[in-house]
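No lab work stands behind these numbers, since they all come straight from the coordinates. For clarity, every value in this text was computed on a predicted model and none was experimentally measured. When we count neighbours, we look across all protein chains shown, and the Cβ atoms used for this are built from the backbone with ideal geometry, even at glycine.
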Amino acid sequence: MTLEHVSVAVVAAELAIMVLARVGTERRHWRHYKKNAAAPHRRDNIRLGPGLVYSVAALALVAIAVFSGIDFQWNIGTLSLLGVLGILVPGYAANSVMLLSTRGHRKPLKGWQEAVAYVLAALGGAAAVSFV
């Protein structure tokens, strides 16, 4: 299995986690609409994650790109691909792990739950380098 296969698997897993989190938060919206249950949380949006997960993904992306010595062209296509697949998607997926762990409530994360989120962000950032 090559690095490209692993990278595609990581991106697919991140997208699956994001879909699971989105379906879970939408369930609260549906319950609120149909049964007048408690209103959905503002934190349900997977894009409102802590900035640290995006920083971890970006740092992993830069570290792998520098240490692997990849030579790529500095054009808008390459930079946007690295930005989306190396920073945004891993950040959204890490925040989705946090949402799934707490079920959207404001309770604090356990240490292992937070570690899983940051590892996922770092893996996603590192895997994005192979797409260039």
Extend 7 Å from the Cα of Leu20 along its Cα-to-C-beta direction; within the stretch 111-127, residues with backbone N under 14 Å of that point are 113, 116-117, 120
Report the FRET efficiency, 1/(1 + (r/R0)^6), for Ile70 and Ala13, where r is their Cβ-Cβ distance and R0 is 22 Å, rounded to 0.05. 0.45
Sorting check: for 114-125, 58-69, which peptide has the highest mean count of neighbouring beta carbons within 10 Å, and how do the rest follow? 114-125, 58-69
Among the aspartates and glutamates, which have Cα under 17 Å from the Cα of Lys34 when same-chain residues fewer than 8 positions away are ignored? Glu26
Among residues other than Val97 whose Cβ falls under 11 Å from its Cβ, what is the net charge (Lys/Arg +1, Asp/Glu -1)? -2
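Given 0.36 nm per residue, what is the gain on full extension from Lys34 to Val84 after removing their alpha carbon distance, in nm?
Details: separation 50, 0.36 × 50 = 18.00 nm, distance 3.54 nm.
Taking 0.36 nm per residue and subtracting the Cα distance, the gain is 14.5 nm.
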